[in-house]
Amino acid sequence: PNFKNKINISLNEASDQLIDLLSNSLKSKMSDKKRYGLFLSGGMDTRLILACLKKNNLDFCTFTLNTLYNREVKIAKMAASIVNAPHYFIQNEKNHYAETLDEAVHATGSMYQPLCLFYGHSKFVKKYVDICLHGHGFDFLFQGMYLPRTKIKLFNRSLHALIPKKVEKNIIDFFIE
């Protein structure tokens, strides 16, 4: 992407714009009177959504999925407590990924296997919500995971290091194509 044409606003103004846009999106999405939940991790992505939900007094509960009760679960539980949102920890069984892999691969086209984390819990989650949100889109965006990249090769071996690809046209058209 071409970053030469920057907007001339402060970081605080940009943050406020992001919060406003996300808040408007959530209010619009959640105006259908369904019961909403948030898959809450300990990360910044879902805590951003959590803050917008609370700021707009939207009714929701939170769920954290993990194989163990670890730091991420503790942070999520604490964040939910700060905004007075109900929080449910759902612990994956030891064979969770083996049992949900086929369904997750089919649903995601094998693009992102860790989404298996979310499969197999609908019976429990549906007791509390009709629709559950999560923050992977923000996580990927903030980490640059959506940017087109090429693996670096050394001696005909691909390394895990990635370099950005130059996008010659409009970024939206690039992804649509």
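Among the residues of the stretch 23-79, those identified as open to solvent by less than 30 Å² (accessible area, probe 1.4 Å) and among the β-branched types (Val, Ile, Thr) are Thr46, Ile49, Thr62, Thr64, Val73.
Within the stretch 1-48, which residues are touching a residue at least 60 places away in the same chain (Cβ under 8 Å) and small (Gly, Ala, Ser)? Correct list: Gly37, Ser41, Gly43.
The values are calculated or read from the model by the stated rules, or taken from the named source; none is laboratory data. Computed from a predicted structure; not experimentally measured. Glycine also receives a Cβ, built like all others from the backbone with ideal geometry; neighbour counts cover every protein chain displayed. Heavy atoms of the whole protein, side chains included, go into the accessibility calculation; ligands, DNA and RNA do not. Shrake-Rupley method; radii C 1.70, N 1.55, O 1.52, S 1.80 Å.
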